[in-house]
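Comments concern the structure below.
The values are calculated or read from the model by the stated rules, or taken from the named source; none is laboratory data. What you see is a predicted model, and the numbers here were worked out from it, not measured in a lab. Cβ placement follows ideal geometry from the backbone for every residue including glycine, while neighbour counts extend to all protein chains displayed.
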Amino acid sequence: MSFIERVWNAQQGLEDRFRRIGRGQYGRVLRLARKPTYDEFIKTSWIVGIGIGIVGAIGFIVYLIWLKVPPVIGDLLGI
């Protein structure tokens with residue numbers, strides 16, 4: 001088999017794989033998917049940003065507790 005035939009077969013295989021995407025288990029999801037409107041995108045971005053901020057704040061509070069509480073407990077116990 002020549003190099004050209006191998007490349008041609010590889011390209012056909014890739015094209016066949018991409019054609020089957022619409023018929024597989026994710027095909028219905030891809031057919032129903034649409035681009036969000038500007039308002040939907042902005043609201044989603046705000047919600048995601050607030051969620052990231054909340055998770056970051058919780059992590060920072062845990063860090064401060066981890067940093068400040070052990071010395072206080074050590075002083076109380078006389079260690």
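Points to keep in mind about this one:
- Meets criteria (part of a loop (DSSP other than H, G, I, E, B) and either of a type outside the set (S, T, N, Q) or modelled with pLDDT under 90 (or both)) for Lys35: yes
- The sole residue among Phe3, Phe60 that is surrounded by 10 or more Cβ atoms within 10 Å (Cβ to Cβ) and at negative phi is Phe60.
- Residues that are of a type in the set (Gly, Ala, Ser) and either part of a loop (DSSP other than H, G, I, E, B) or in contact with a helix residue (DSSP H, G or I) (Cβ under 8 Å, 6 or more places away or on another chain) (or both) within region 45-79 comprise just one, Gly78.
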